[in-house]
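The values are calculated or read from the model by the stated rules, or taken from the named source; none is laboratory data. Since the structure is predicted, the reported quantities are computational estimates derived from the model, not experimental observations. Ligands, DNA and RNA are excluded from the accessible area calculation, which covers all protein heavy atoms including side chains. Shrake-Rupley method; radii C 1.70, N 1.55, O 1.52, S 1.80 Å.
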Amino acid sequence: MSDEDWGTATWRYWQQINNALPARASFQNRPPAPVRARIAWERDGMEGVDGVATRLGFDGAIYVELKDRRCSTLGIWLSPEDVWWQGKRLS
């Protein structure tokens, strides 16, 4: 048996997000908007996750805050194709 404290360690849930984009140096803060993000988890695969969009990159990338224990950061940058919100037309 390992000496690791699996009862309280949160890092054990962390997974890389394969479709995350690099951080943006320039962006605009936007009013928080509820969204559904398509996340490609390292181990769990593709999944829709609820989040809040708060920033828009000048290249169109969208910053989505996630409250998911698998995400080791406060949020991630995603391409617009990976983010849906009420009223968005699906192509």
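Close amide-amide hydrogen proximity is noted between Ser72 and Gln15, each under 5 Å apart and 5 or more residues distant or on a separate chain (H modeled in the peptide plane; Pro and chain starts excluded).
Computed over protein heavy atoms with a 1.4 Å probe, the carbon and sulfur contribution to the accessible area of the chain reaches 53%. Counting only protein heavy atoms and a 1.4 Å probe, the chain has 70 square angstrom of accessible area per residue. 3J(HN,Hα) couplings calculated from phi for the range 67-73 with the Karplus curve 6.51 cos²θ - 1.76 cosθ + 1.60 (θ = phi - 60°) are, in sequence order, 10, 10, 5, 7, 8, 7, 10 Hz; Gly and Pro show x. The alpha carbons of the chain stretch over 51, 28, 20 Å along the principal axes, in descending order.
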